[in-house]
1. Per residue, how much space in cubic angstrom lies within the convex hull of the C-alpha atoms of region 24-99?
2. Taking θ as phi - 60°, what are the ³J(HN,Hα) couplings along region 69-77 by the Karplus curve (6.51, -1.76, 1.60), each to the nearest whole Hz, with x for Gly and Pro?
3. So what is the accessible area of region 65-112 per residue, in Å², with the probe set to 1.4 Å?
4. Heavy atoms only, probe 1.4 Å: what % of the accessible area of region 8-96 goes to carbon and sulfur, would you let me know?
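The values are calculated or read from the model by the stated rules, or taken from the named source; none is laboratory data. It should be emphasised that the depicted structure is a prediction, and the values quoted were computed from it without experimental measurement. Protein only, heavy atoms only, side chains kept; ligands, DNA and RNA dropped before computing areas. Shrake-Rupley method; radii C 1.70, N 1.55, O 1.52, S 1.80 Å.
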Amino acid sequence: MDPPMAQSPRLPDLTPIHCLAAKEAKRLCRTLHLPDHEREDLRQDLLLDFLARLPAFDPSKADLPAFAMVCFRHAGTRIARRVTAERAARHPRSLDDALPNTEGLTLGDTIGEADGYAAWCGQSTDAIAALERRLDLERAASAIAPEDYPLCAALSEHTPHEFGEQKTMPRMRIYRRIRETRLRLLAAGIPSAA
């Protein structure tokens, strides 16, 4: 005759187990300083571990809630080790932390702009080139005569030929003003593109 097999608990028997898992997940969140939104994931991990170990439950040795608490504590220990190992693998330093043997130099000061966050996002990171471009534009704007602003705006969207076909200005006048603007820009130290 085969030995009697341990009976699987019925669904109502698991209700106190769910409460115990919720309490243990809350305790783990508190002791491991995890955010509250992690609690449900921890509860599910604890229940999954419990269900995997449920076939080993022997009702003659302990009741189901005691068995569940032992399973939860062991699973909680494994989770705590995993979280601790993950935290140890991270760099616990801030970019604002002062570096040793320097006078106020921070870790963020040692990272070049080409390696910074803006570079990850695909933005231009050369601050010197951006400054030079802005200064060139300011110098160019001051060298261009105010009456030529509409012409420059139109030429930013159209070629001189296309602008001449709009019949807003005679072509000879367009080309003469372009030549005069180029000379003014050259005199201001800004070489014009051909």
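1. Working: hull volume 7.6 nm³, N = 76.
It comes to 100 Å³ per residue, whole-number rounded.
2. So the J values, rounded to whole Hz, are 5, 5, 4, 5, 5, 5, 5, x, 5.
3. Numbers: 3480 Å² over 48 residues.
In whole numbers, region 65-112 has 72 Å² accessible per residue.
4. On the way: 3580 of 6130 Å².
Answer for region 8-96: carbon and sulfur cover 58 percent of the accessible area.
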